[in-house]
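Written out below as structure tokens is the structure these notes cover.
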Amino acid sequence: MTTNESATNNASASGSSPAPLFSHSLGFPRVGAKRELKKAVEAFWKGASDETALQAAARELRATHWQLQADAGLELIPSNDFSLYDQVLDLSCLVGNVPERFGWDGKGDVNLETYFAMARGRSGAKKEDNESCGCGHEHGNGTANGSHNTGATACEMTKWFDTNYHYLVPEFNDGTTFRLASQKPFAEFQEALAQGHRTKPVLLGPVSYLYLGKVHGGKNPSFDRFKLLPQLLEVYGEVLQKLASQGAKWVQLDEPIFALDLDTTIKQHFVTAYDVLREKAGVLKLITACYFGAAGSNFLSLSRLPVEAIHLDITRGASDLDHGLEVLPPRTIVSLGVVDGRNIWKNDFAASLKVIDQVVQKLGRDRVWLAPSCSLLHSPVSLQHETKLESVIKGWMSFAAEKLTEVSTLARLAISPERESDVAWLANQSALATKATDPRLNVSAVRERAAALTPQDEQRDSSFAKRQEVQRNRLKLPAFPTTTIGSFPQTDEVRSWRARWRKGSLTDAEYEALLGEETARCVRVQEDLDIDVLVHGEFERNDMVEYFGEQLDGFTFTQNGWVQSYGSRCVKPPVIFGDVSRPHPMTVRWFQYAQSLTARPMKGMLTGPITILNWSFVRNDLSRPEVCRQIALAIRDEVRDLEAAGCRVIQIDEAALRECLPLREKDRAFYLQWTVAAFRVAASVVRDETQIHTHMCYSNFNDIIEAIAAMDADVITIETSRSSMELLDAFVRFEYPNEIGPGVYDIHSPRVPPATEMRELMDRASAVLPKDNLWVNPDCGLKTRGWPEVKAALANMVSVAHALRG
Ligand code: GLN
Ligand code: ZN
């Protein structure tokens with residue numbers, strides 16, 4: 001057995017060295033170090049393998065991961081943290097909450113076909129692949145209901161708190177009933193037990209589950225889904241009892257909504273829910289986990305839950321330690337999430353032990369557990385598979401497997417009287433010490449330049465009204481000007497060129513020549529379509545962040561640093577390890593070439609500082625605002641060079657501004673202040689006559705509309721077609737002064753929208769916004785689409801603009 005049967009700390013009385021603090025983990029990445037799960041699941045979807053093969057691959061991953069966690073020295077490791085697609089979807093199936101449109105008969109267990117139909121839709125209603133704009137981040141699905149005969153629309157997907165993981169939103173209505181309809185947690189507990197691991201099954205807690213869902217269908221749209229709590233708790237009770245009868249000692253209930261602003265009603269639901277759970281659990285011990293932030297104003301509620309242990313995220317919510325521990329019931333165990341589960345950096349043992357020591361002093365050894373801050377789902381699997389990272393930088397890093405060793409090492413060091421001569425301590429401290437002397441982490445030119453920024457640098461020369469006049473005189477665009485968002489289809493051919501070039505089977509010159517031809521074709525297509533402001537097509541770019549990261553100082557890249565974004569989709573974020581600067585222009589050459597092919601304005605296309613920051617793993621020895629400012633200065637240089645090269649319109653994409661909005665209201669103003677300032681630093685270097693665009697692809701601008709206005713871009717293009725322009729509400733209410741291109745072509749679907757439909761969307765927009773300020777464009781980039789549908793859809797789009805002018 002790798003797990004401590006009694007799961008309490010048993011400092012030995014016999015004089016031998018005391019037992020380490022108790023260590024456990026909350027969840028492990030399931031995709032596999034080499035994305036084995038992605039491959040297995042996608043092969044199954046394609047029909048290239050069957051369910052037996054898929055389950056075998058899943059079993060193998062689980063076995064590997066359990067063993068790895070046990071070998072890392074943890075005393076209690078999780079089960080049911082594995083998922084073929086998403087843990088929230090797993091829970092929906094566990095409690096038999098399958099929306100009606102999937103035609104589940106409600107008998108027996110939810111089968112795999114229904115499970116994946118909920119995740120991906122059933123053909124007839126939604127395309128088989130999950131569509132995204134290619135950035136690796138889903139932006140929420142449409143909510144239209146599928147027809148019941150032929151197909152069913154997938155469940156909506158949305159961001160898991162402020163991470164880049166996306167979960168499937170549970171649907172509730174006045175007709176929802178629950179019953180136990182999956183054996184997953186029991187089967188996985190049994191499976192682990194047979195391998196020698198008495199695991200701690202993990203479930204999303206009942207209050208978070210209801211909170212994170214939405215009301216959909218049913219007769220009463222204003223139905224209070226918490227009315228379902230008693231019924232839901234019956235099933236949770238059954239699950240707990242079954243796990244106890246299988247021999248589980250502990251169950252982990254994740255209640256991450258404790259990190260959000262909660263009203264008293266929700267807090268009351270916690271009281272109700274946990275009274276029931278306590279009773280049903282019997283001798284089974286419960287740990288409730290709060291992560292992604294401090295429990296803060298909810299700490300009292302969390303601390304009063306009738307559970308044996310609570311988990312706190314010390315990396316993001318250390319403040320909970322300052323004001324909370326005194327109110328804990330005398331026996332409650334506190335699990336300290338000391339090792340950051342959301343980054344890739346080595347833990348600083350000295351700093352962590354300082355906190356651990358304080359808590360141990362207050363609560364005593366037996367009441368302190370150690371863990372990563374949250375599930376390790378959000379970090380890559382293991383550094384072992386990185387063979388190309390520079391060794392010094394690698395020495396600063398720690399992926400999931402290494403993080404677990406850090407936890408168990410901290411647990412040992414915490415009770416060691418000679419910790420500072422321990423080899424693990426020395427290795428940790430000396431690796432981190434090299435940071436202080438590495439010149440790349442403290443480039444004085446970068447620091448001085450950032451420090452010297454003044455409010456003037458965030459300011460265009462003139463007001464928008466003045467700039468608009470100058471730009472109109474210069475660009476001479478027709479009313480309702482047309483444009484696209486940047487990328488054109490990245491065909492298999494284009495991708496194969498890049499692959500061959502990377503392997504060395506195409507020379508630089510050959511690769512560039514092919515890209516040049518594709519760019520020229522793309523420019524010709526746009527001219528033939530009569531688009532007004534052209535783009536070069538972004539064929540040279542693999543990814544909108546990686547492309548820039550590869551050319552900036554301060555970045556490095558992993559080979560296998562994958563993290564799950566949704567379902568089988570993974571992203572490999574660039575790593576910002578040092579001060580960021582731009583050694584040479586990044587996009588100017590491609591711009592010049594594309595502009596030389598046409599007399600129409602060619603847009604310069606850049607990814608903005610906030611998006612580069614938010615889609616990277618960011619160093620933790622410098623504040624995010626500071627890192628963002630450095631990136632902003634690099635982009636500013638690029639903007640200036642583009643302008644000098646004759647670029648009249650420059651687009652700075654900020655697809656990720658909203659997604660890192662802090663979870664708590666009180667922290668949002670500060671975030672929006674420094675992010676907007678960074679954008680303005682990047683954009684404000686140009687003369688009045690140069691038009692700055694920005695682009696964002698998500699709905700719901702209501703809570704950030706003021707910040708968007710404060711960015712002061714001359715034109716913003718946004719995603720609107722799937723919400724039928726509803727999200728323009730915020731722009732209307734706020735009387736947004738600058739120009740807007742509300743997307744009229746949903747690029748997440750291969751469907752070609754007819755002109756009438758786009759016209760209707762434009763009519764809706766022009767009914768509420770000044771017509772003079774409207775642009776006509778798609779929702780997002782076209783890289784995931786095919787050429788025939790793109791040409792047809794853009795032709796329709798241009799015809800709409802022509803008609804509007806007439
Ligand atoms: N310019 C990028 C493109 O067109 C924007 C992508 C995005 O917003 N996600 O692909
Ligand atoms: Zn977009």
I'd like to know if the range 510-529 contains one or more residues that are hydroxyl-bearing (Ser, Thr, Tyr), open to solvent by 30 Å² or more (accessible area, probe 1.4 Å) and either without any contact (Cβ under 8 Å) to a residue 12 or more places away in the chain or more than 16 Å from ligand 2 (Cβ to nearest atom) (or both). no
Every residue in the range 684-704 that is within 14 Å of ligand 2 (Cβ to nearest atom) and at pLDDT 95 or above, please. His693, Thr694, His695
Based on what the data block shows, is Asp275 of a type in the set (Asp, Glu), out of contact with any Lys or Arg (no Cβ under 9 Å at 6 or more places or on another chain), open to solvent by 10 Å² or more (accessible area, probe 1.4 Å) and closer than 24 Å to Phe178 by Cα? yes
Kindly list, by first and then second residue, each pair from a residue in the range 777-805 that is more than 17 Å from Leu534 (Cα to Cα) to a residue that is aromatic (Phe, Trp, Tyr), limited to pairs with Cβ atoms under 7 Å and residues at least 6 apart or on different chains. Leu804/Phe480; Arg805/Phe480
Would a scan of the range 738-747 turn up a residue that is out of contact with any Ser or Thr (no Cβ under 8 Å at 6 or more places or on another chain) and within 16 Å of ligand 1 (Cβ to nearest atom)? no
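Could you look through the range 228-270, keep only residues that are assigned to a helix (DSSP H, G or I) and of a type in the set (Phe, Trp, Tyr), and pick out the one that is surrounded by the fewest Cβ atoms within 10 Å (Cβ to Cβ)? I'd like the intermediate steps shown before the answer.
Narrowing the range 228-270 to residues assigned to a helix (DSSP H, G or I): 228-246, 256-259, 264-270.
Narrowing further to those that are of a type in the set (Phe, Trp, Tyr): 236, 258, 270.
Numbers: Tyr236: 26, Phe258: 34, Phe270: 23.
Among those that are assigned to a helix (DSSP H, G or I) and of a type in the set (Phe, Trp, Tyr), it is Phe270.
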Yes/no for Ile610 being assigned to a strand (DSSP E or B), within 16 Å of ligand 2 (Cβ to nearest atom) and crowded, with 22+ Cβ neighbours inside 10 Å: no
Kindly list, by first and then second residue, each pair from a residue in the range 717-736 that is more than 16 Å from ligand 1 (Cβ to nearest atom) to a residue that is in a strand (DSSP E or B), limited to pairs with Cβ atoms under 7 Å and residues at least 6 apart or on different chains. Met725/Pro742; Leu728/Pro742; Phe731/Ile740
Conditions (1) open to solvent by 10 Å² or more (accessible area, probe 1.4 Å); (2) closer than 30 Å to Ala445 by Cβ; (3) not in a helix (DSSP H, G or I) -> Asp579 fails only (1)
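Inside the range 524-543, can you point out the residues that are assigned to a loop (DSSP other than H, G, I, E, B) and at pLDDT 95 or above?
Asp530, Ile531, Asp532, Val535, His536, Glu538, Phe539, Glu540, Arg541 - these are the residues of the range 524-543 that are assigned to a loop (DSSP other than H, G, I, E, B) and at pLDDT 95 or above.
Of all residues being part of a strand (DSSP E or B) and of a type outside the set (S, T, N, Q) in the range 643-669, which is nearest to ligand 2 (Cβ to nearest atom)? Just the residue, please. Break it down stepwise before answering.
Going through the range 643-669, the residues part of a strand (DSSP E or B) turn out to be 649-653.
Imposing the further condition that a residue be of a type outside the set (S, T, N, Q) reduces the set to 649-650, 652-653.
On the way: Val649: 17, Ile650: 16, Ile652: 12, Asp653: 7 Å.
Looking at residues that are part of a strand (DSSP E or B) and of a type outside the set (S, T, N, Q), I get Asp653.
Considering the range 477-500 alone, what residues qualify as being part of a loop (DSSP other than H, G, I, E, B), within 16 Å of ligand 2 (Cβ to nearest atom) and not β-branched (Val, Ile, Thr)?
Across the range 477-500, the qualifying residues are Gly486, Phe488, Pro489, Gln490.
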Inside the range 688-706, can you point out the residues that are touching a residue at least 40 places away in the same chain (Cβ under 8 Å), open to solvent by 10 Å² or more (accessible area, probe 1.4 Å) and either in a helix (DSSP H, G or I) or touching a Ser or Thr at 6+ places or on another chain (Cβ under 7 Å) (or both)? Asp688, Ser699, Asp703
Checking Gln384 against (1) farther than 27 Å from Val563 by Cα; (2) in contact (Cβ under 8 Å) with a residue 60 or more places away in the chain; (3) open to solvent by 10 Å² or more (accessible area, probe 1.4 Å); (4) in a helix (DSSP H, G or I), which test does it fail? (1)
In this structure, does Gly554 turn out to be in contact (Cβ under 8 Å) with a residue 60 or more places away in the chain and on the phi > 0 side of the Ramachandran plot? yes
Condition first: under 14 Å from the mean Cα position of the chain (by Cα), in a loop (DSSP other than H, G, I, E, B) and buried (at least 20 other Cβ atoms within 10 Å of the Cβ). Can you find one or more residues in the range 547-564 that meet it? yes
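Would you please name the residue that is farthest from Arg648 (Cα to Cα), looking only at residues in the range 708-724 that are away from ligand 2 (no atom under 15 Å from the Cβ) and open to solvent by 10 Å² or more (accessible area, probe 1.4 Å)?
Within the range 708-724, the first condition is being away from ligand 2 (no atom under 15 Å from the Cβ), and the residues that meet it are 709-712, 714, 724.
Adding the requirement that they be open to solvent by 10 Å² or more (accessible area, probe 1.4 Å) leaves 709-710, 712, 724.
On the way: Ala709: 22, Ala710: 22, Asp712: 17, Ser724: 31 Å.
Looking at residues that are away from ligand 2 (no atom under 15 Å from the Cβ) and open to solvent by 10 Å² or more (accessible area, probe 1.4 Å), I get Ser724.
In this structure, does Gln456 turn out to be away from ligand 2 (no atom under 16 Å from the Cβ), assigned to a helix (DSSP H, G or I) and either in contact (Cβ under 8 Å) with a residue 12 or more places away in the chain or surrounded by 16 or more Cβ atoms within 10 Å (Cβ to Cβ) (or both)? So that I can check it myself, show each step before the final result.
Details: away from ligand 2 (no atom under 16 Å from the Cβ): yes; assigned to a helix (DSSP H, G or I): yes; either in contact (Cβ under 8 Å) with a residue 12 or more places away in the chain or surrounded by 16 or more Cβ atoms within 10 Å (Cβ to Cβ) (or both): no.
So Gln456 does not fit the description; no.
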Only residues in the range 62-75 that are free of Cβ contacts under 8 Å to residues at least 40 places away in the same chain count as the first member; pair them with residues that are assigned to a helix (DSSP H, G or I) and among the small types (Gly, Ala, Ser), Cβ under 6 angstrom, at least 6 apart or cross-chain, and list the lot. none
Pairs with Cβ under 9 Å, 6+ apart, first in the range 629-649 and closer than 18 Å to Ala451 by Cβ, second open to solvent by 10 Å² or more (accessible area, probe 1.4 Å) and modelled with pLDDT under 95: none
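Regarding the range 505-523, can at least one residue be identified that is closer than 18 Å to Gly786 by Cα, of a type in the set (Val, Ile, Thr) and at pLDDT 95 or above? Can you show your working first?
Start the filter on the range 505-523 by keeping residues that are closer than 18 Å to Gly786 by Cα, which leaves 515, 517-523.
From what's left, of a type in the set (Val, Ile, Thr): 519, 523.
In the following step, the residues that additionally are at pLDDT 95 or above were identified as 519, 523.
Among the residues of the range 505-523, at least one is closer than 18 Å to Gly786 by Cα, of a type in the set (Val, Ile, Thr) and at pLDDT 95 or above, which makes the answer yes.
Tally time: how many residues in the range 271-287 are in a strand (DSSP E or B) and either within 9 Å of Leu233 (Cβ to Cβ) or touching a His at 6+ places or on another chain (Cβ under 7 Å) (or both)?
Of the residues in the range 271-287, the ones in a strand (DSSP E or B) are 285-287.
After this cut, where a residue has to be either within 9 Å of Leu233 (Cβ to Cβ) or touching a His at 6+ places or on another chain (Cβ under 7 Å) (or both) as well, the list is 287.
Of the residues in that region, 1 qualify.
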Checking Arg629 against (1) in a helix (DSSP H, G or I); (2) open to solvent by less than 20 Å² (accessible area, probe 1.4 Å); (3) away from ligand 2 (no atom under 16 Å from the Cβ): exactly one of these is not met. Which one? (2)
Exactly one of (1) within 26 Å of Leu475 (Cα to Cα); (2) open to solvent by 40 Å² or more (accessible area, probe 1.4 Å) is unmet by Phe670. Its number? (1)
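The values are calculated or read from the model by the stated rules, or taken from the named source; none is laboratory data. Remember, it's a predicted structure, so these values are computed and weren't measured experimentally. Here Cβ is always computed from backbone atoms with ideal geometry, including for glycine, and neighbour counts include all displayed protein chains. Protein only, heavy atoms only, side chains kept; ligands, DNA and RNA dropped before computing areas. Shrake-Rupley method; radii C 1.70, N 1.55, O 1.52, S 1.80 Å.
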